[in-house]
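To start, the structure itself, in structure tokens.
The values are calculated or read from the model by the stated rules, or taken from the named source; none is laboratory data. All figures in this text were calculated on a predicted structure; none of them were measured in a lab. Cβ placement follows ideal geometry from the backbone for every residue including glycine, while neighbour counts extend to all protein chains displayed.
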Amino acid sequence: MSEARTSGSRSAAVVTVAIVLSRLVGLVRQRVAAHYLGTSAVADIVAASFRIGNLAQNLLGEGTLSATFIPGYARLRGSGREDDARAFAMRALGALLLAVGSVTLLGVLGARALTQALAAGFSGEKLSLTVEQVRLLFPMTGLLVVGAWALGVLNSHREFFLPYAAPVLWSVAQIAAILVAGSLHVGEAGLARALALGALLGAALVLVVLLRRARRFTGTLRPSFDFADPELREAVRRFPSVLLGRGVIQLSGLVDTLLVSFLGDSAVSAFNYAQTVYLLPMSILGTGEAAASLPEMAAEMGEGSRDARNARLRERLAASLERVTVLAIPAVVVLTLSGEALVAVLFRTGRFDRDSVERVAAAVAVYGLALLGNASGRLFATTFYALGDTRTPARLALVRVAVSTALALTLMGPLGMAGVVAGAVAAAWVEASLLGRSLASELDGLGLRALPWRRLVLLACATAAPALAARRLLAGRESTPLLALASLATTGLVYVAAAAGLRLVDPTRLVRRLRRR
């Protein structure tokens with residue numbers, strides 16, 4: 001195995017473990033919330049307010065900073081200019097604080113207008129409580145954005161576990177808040193407020209942990225407001241196109257929430273639960289792999305000729321695509337064929353009844369079809385960022401939003417929430433195809449011929465077999481939690497055995513690597 005594949009595999013494994021830990025605790029948080037709120041009108045308020053309040057994080061957070069900050073910081077370090085890299089980091093922090101402060105203030109002041117625009121199906125007390133929640137959540141996301149700067153520093157130094165495991169604190173704070181509020185019998189509105197306050201406290205805890213660790217590499221946390229640094233100017237030059245790309249994708253998600261808000265009570269919360277389930281594998285396949293790949297790719301950009309650079313990037317990209325595909329296969333099978341069992345195991349408790357399970361599972365099954373497209377698109381965009389091209393991903397993100405919105409408007413009438421999700425799925429594949437085509441032209445190929453396609457197809461067939469068998473056995477019968485768990489476990493065991501037998505995964509090597517890390 002080449003050095004590029006080995007280093008990328010190790011980093012991706014560490015990121016995967018950290019993200020899995022964070023997402024599992026996040027699922028516990030969602031399960032606790034589901035126990036108290038189910039898919040009620042207040043659950044709709046919580047889902048919509050977190051989506052709107054997260055605007056600052058989604059626009060300025062990890063994705064944007066990864067595309068603008070990490071490449072410059074990694075290049076400076078790769079050329080041995082450690083002092084310049086630290087100075088650049090402090091100037092980037094100063095610029096980020098100004099941007100975050102402005103966006104947070106605007107979000108708090110404009111909470112009512114934002115809520116009326118992005119949750120137009122809400123009215124009366126439902127609207128008022130959502131506005132109150134949004135005002136609490138904008139400061140929370142401001143703290144998380146500053147934490148994303150620290151994440152960028154740590155990723156550039158090949159520290160991946162802590163940045164992606166730290167959000168555990170965010171989830172734990174919310175779990176504690178809602179459990180305390182539930183024991184005090186404060187009512188559903190009080191539970192919603194408790195979640196928002198817990199999220200604010202959790203964000204502060206995450207920020208403190210990440211900043212303390214980042215300081216070991218930067219030597220200081222004193223931001224600089226001297227913006228004459230040429231590297232900072234280059235990052236700022238990239239910023240508008242990255243912000244456009246992130247912004248239109250977030251706009252697409254907000255439009256989806258807006259459309260779903262017209263589908264009646266419980267629609268927004270069911271939509272949110274479905275996204276939570278989908279984002280567990282997606283965060284591993286897309287976010288995790290991209291996070292591990294970007295510093296490696298960026299550090300190599302200045303070495304050798306264009307042909308040599310392209311060959312290295314193709315090798316890294318092919319290795320990443322293989323890992324993503326191997327991991328996507330069981331996720332796609334479970335979401336599309338065993339979604340109802342998965343949702344029941346994760347959320348069925350208290351007010352989250354069988355009807356809630358069925359509504360969420362229908363959307364999860366459609367979402368599963370987007371996994372590989374979204375993950376591949378994220379990797380292609382990351383490669384463009386390493387090349388210094390932020391305009392191509394932004395331009396194609398616009399195409400994605402146009403396709404998603406047009407299809408959602410067309411399909412939501414006959415299909416309801418599933419139609420909105422179907423529009424997002426189709427748009428993800430359109431964007432990934434266009435990104436791949438453009439990147440292949442830039443790199444003289446994508447390295448796809450190196451992928452073991454026959455073994456991947458065999459792995460998919462083997463993994464789908466037990467899931468299909470379970471669907472037939474349970475057809476027309478309500479699955480108990482024990483049966484659902486047994487079905488999922490059987491699919492997982494068959495996948496692991498098949499992947500090992502086909503030499504696509506080496507479990508013993510993975511365990512050894514993780515233990516060393």
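Here is how the numbers come out for the structure above:
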quantity: Filter result for Tyr278 (crowded, with 19+ Cβ neighbours inside 10 Å, under 25 Å from Leu317 (Cα atoms) and at pLDDT 80 or above); calculated: yes
quantity: Test: Gly388 is free of Cβ contacts under 8 Å to residues at least 12 places away in the same chain, surrounded by fewer than 20 Cβ atoms within 10 Å (Cβ to Cβ) and more than 16 Å from the chain's Cα centre (by Cα); calculated: no
quantity: Criterion (among the aliphatic types (A, V, I, L, M), in a helix (DSSP H, G or I), at pLDDT below 90 and buried (at least 18 other Cβ atoms within 10 Å of the Cβ)) met by exactly one of Ala192, Ala203, Ala214; calculated: Ala192
quantity: Residue match in the range 479-502 (condition: modelled with pLDDT under 85, on the phi < 0 side of the Ramachandran plot, crowded, with 17+ Cβ neighbours inside 10 Å and not in a helix (DSSP H, G or I)); calculated: yes
quantity: Tally, over the range 15-30, of residues that are closer than 13 Å to Ile178 by Cβ and crowded, with 19+ Cβ neighbours inside 10 Å; calculated: 2
quantity: Residue identified as touching a helix residue (DSSP H, G or I) at 6+ places or on another chain (Cβ under 6 Å), over 20 Å from Ala362 (Cα atoms) and part of a helix (DSSP H, G or I) among Ala460, Ala422, Ala428, Ala406; calculated: Ala460
quantity: Residue pairs meeting the criteria (Cβ under 6 Å; at least 6 apart or on separate chains; first under 11 Å from Phe69 (Cβ atoms), in the range 226-242; second assigned to a loop (DSSP other than H, G, I, E, B)); calculated: Arg238/Thr390; Val242/Thr390
quantity: Qualifying position, being buried (at least 24 other Cβ atoms within 10 Å of the Cβ), touching a helix residue (DSSP H, G or I) at 6+ places or on another chain (Cβ under 7 Å) and among the small types (Gly, Ala, Ser), among Ala344, Ala318; calculated: Ala344
quantity: Helices (runs of 4 or more DSSP H) contained entirely in the range 71-185, each with at least 2 residues that are among the acidic types (Asp, Glu); calculated: 82-109, 124-156
quantity: Test for Pro452: is it under 30 Å from Arg306 (Cβ atoms) and at pLDDT 85 or above; calculated: yes
quantity: Ser438 being over 23 Å from Phe271 (Cβ atoms), at pLDDT 90 or above, out of contact with any strand residue (DSSP E or B) (no Cβ under 9 Å at 6 or more places or on another chain) and not aliphatic (A, V, I, L, M); calculated: yes
quantity: Filter pass, Ala311 being closer than 25 Å to Leu439 by Cα, of a type in the set (Gly, Ala, Ser), surrounded by fewer than 22 Cβ atoms within 10 Å (Cβ to Cβ) and modelled with pLDDT of 80 or more; calculated: yes
quantity: Some residue of the range 104-118 being crowded, with 20+ Cβ neighbours inside 10 Å and under 21 Å from Ser266 (Cβ atoms); calculated: yes
quantity: Any pair with Cβ under 7 angstrom, 6 or more apart, that starts in the range 483-495 at a residue that is touching a residue at least 12 places away in the same chain (Cβ under 8 Å) and ends at one that is surrounded by 15 or more Cβ atoms within 10 Å (Cβ to Cβ) and not in a helix (DSSP H, G or I); calculated: Leu483/Leu474; Ser487/Ser338; Leu488/Ser338; Thr491/Ser338
quantity: Options Arg454, Arg471, Arg449, Arg437; residue that is in contact with a helix residue (DSSP H, G or I) (Cβ under 7 Å, 6 or more places away or on another chain) and basic (Lys, Arg); calculated: Arg471
quantity: Single residue of the range 444-459 satisfying the filter (at negative phi and surrounded by 19 or more Cβ atoms within 10 Å (Cβ to Cβ)) that is farthest from the chain's Cα centre (by Cα); calculated: Leu459
quantity: Unique match (being at pLDDT 75 or above and among the basic types (Lys, Arg)) among Arg238, Arg233; calculated: Arg233
quantity: The range 167-220 - residue that is free of Cβ contacts under 8 Å to residues at least 12 places away in the same chain and over 20 Å from Val146 (Cα atoms) and, of those, nearest to the chain's Cα centre (by Cα); calculated: Gly190
quantity: Which numbered condition Leu244 misses (of (1) within 24 Å of Arg348 (Cα to Cα); (2) modelled with pLDDT under 80); calculated: (1)
quantity: Unmet requirement for Asp444, which otherwise passes all of (1) in contact (Cβ under 8 Å) with a residue 60 or more places away in the chain; (2) touching a Gly at 6+ places or on another chain (Cβ under 7 Å); (3) among the acidic types (Asp, Glu); calculated: (2)
quantity: The range 156-189 - residue that is modelled with pLDDT under 85 and within 21 Å of Ala41 (Cα to Cα) and, of those, surrounded by the most Cβ atoms within 10 Å (Cβ to Cβ); calculated: Glu188
quantity: Which numbered condition Thr130 fails, given (1) of a type in the set (S, T, N, Q); (2) in contact with a helix residue (DSSP H, G or I) (Cβ under 9 Å, 6 or more places away or on another chain); (3) at pLDDT below 85; calculated: (3)
quantity: Residue tally, condition part of a loop (DSSP other than H, G, I, E, B) and surrounded by fewer than 17 Cβ atoms within 10 Å (Cβ to Cβ), over the range 220-236; calculated: 7
quantity: Members of the range 376-403 that are among the β-branched types (Val, Ile, Thr) and either over 24 Å from Gly447 (Cβ atoms) or in a helix (DSSP H, G or I) (or both); calculated: Thr382, Thr383, Thr392, Val399, Val401, Val403
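For every residue, the table says whether it meets (1) buried (at least 21 other Cβ atoms within 10 Å of the Cβ); (2) touching a Pro at 6+ places or on another chain (Cβ under 9 Å); (3) at pLDDT below 80; (4) not charged (D, E, K, R).
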site	(1), (2), (3), (4)
Arg5	no, no, yes, no
Ser9	no, no, yes, yes
Tyr36	yes, no, no, yes
Pro71	yes, yes, yes, yes
